[in-house]
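Notes for the one structure printed next.
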Amino acid sequence: MTAAPPQNPPHVLEEAFVGLNRWALILLLGTMAALVIGNVISRYVFGHSFSWVEEATRYMMIWAALLGAGPALRVGGHIAIDTLHVALPDTGARLLRGLIVAIMAATLVVLVWLGIDYASFAWEQESPVLGWSLGKVYLALPVGAALMLVHLLLIARRWVVWGEWDRIEGFDPQAL
């Protein structure tokens, strides 16, 4: 790489967007943990299990996975093979990373479109225990894809030009 990327502070709207996404994940995962732990305690202490907890937490996990895809993308946390763009000269690496971003963006747009179609198709179907609209569960796909697209667009320039992801102090997803 030629020059280090500029260390511009994130825009206030971008910080708010990322913060809201993180808090949604924290609330979802915290609620899931509380429900599962409470259900386990209830089962072993009182001999009664709440049948709706498994279904609710399953749907919450779907939402958490899709809402978490964007923040994972920001730090380079998705599985990727980077051998080629690392081996190419700077110009070739930038062109390849630009192509990758374009393919990812197009794929996410298609996921939003197909996800909306799928959620609307399943809107009237109900889940077996809670009676929730399965369309609301499937809505996680277009919402998650749209949020991931926004995350991609916010980090695309930095990654295409310098090959750099966002950094979180004390966390390196490539080291995992």
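Any residue at all in the range 55-66 that is among the acidic types (Asp, Glu) and modelled with pLDDT under 95? Don't jump to the end; show me each part of the working.
Pass one, the range 55-66, residues among the acidic types (Asp, Glu): 55.
Still in the running and modelled with pLDDT under 95: none.
No, every residue in the range 55-66 fails to be among the acidic types (Asp, Glu) and modelled with pLDDT under 95.
Looking at ARG58, ARG74 in this structure, which one is without any contact (Cβ under 8 Å) to a residue 24 or more places away in the chain, of a type in the set (Lys, Arg) and either touching a Phe, Trp or Tyr at 6+ places or on another chain (Cβ under 8 Å) or under 24 Å from TYR138 (Cβ atoms) (or both)? I'd like the intermediate steps shown before the answer.
On the way: ARG74 fails: without any contact (Cβ under 8 Å) to a residue 24 or more places away in the chain.
Sole residue among the options that is without any contact (Cβ under 8 Å) to a residue 24 or more places away in the chain, of a type in the set (Lys, Arg) and either touching a Phe, Trp or Tyr at 6+ places or on another chain (Cβ under 8 Å) or under 24 Å from TYR138 (Cβ atoms) (or both): ARG58.
Looking at the range 75-151, what helices (runs of 4 or more DSSP H) fall wholly within it and have at least 3 residues that are surrounded by 13 or more Cβ atoms within 10 Å (Cβ to Cβ)? Spell out how you get there, then give the answer.
Details: elements: 83-87, 90-121, 134-138.
Filter on the range 75-151 gives 90-121, 134-138.
Which residues, taken from the range 147-176, are within 16 Å of the chain's Cα centre (by Cα) and either more than 19 Å from HIS11 (Cβ to Cβ) or acidic (Asp, Glu) (or both)?
Listed by number, the residues that qualify are ASP166, PRO173.
Kindly list the number of the only condition in (1) at positive phi; (2) without any contact (Cβ under 8 Å) to a residue 40 or more places away in the chain that fails for SER49.
If we test SER49 against (1) at positive phi; (2) without any contact (Cβ under 8 Å) to a residue 40 or more places away in the chain, just (1) comes out false.
Exactly one condition in (1) over 28 Å from VAL161 (Cα atoms); (2) surrounded by 12 or more Cβ atoms within 10 Å (Cβ to Cβ) is false for GLU14; which is it?
For GLU14, the failing item is (1).
The values are calculated or read from the model by the stated rules, or taken from the named source; none is laboratory data. Quick caveat: nothing in here was measured; it's all calculated off a predicted structure. Virtual Cβ from ideal backbone geometry, glycine too; neighbours counted across all protein chains shown.
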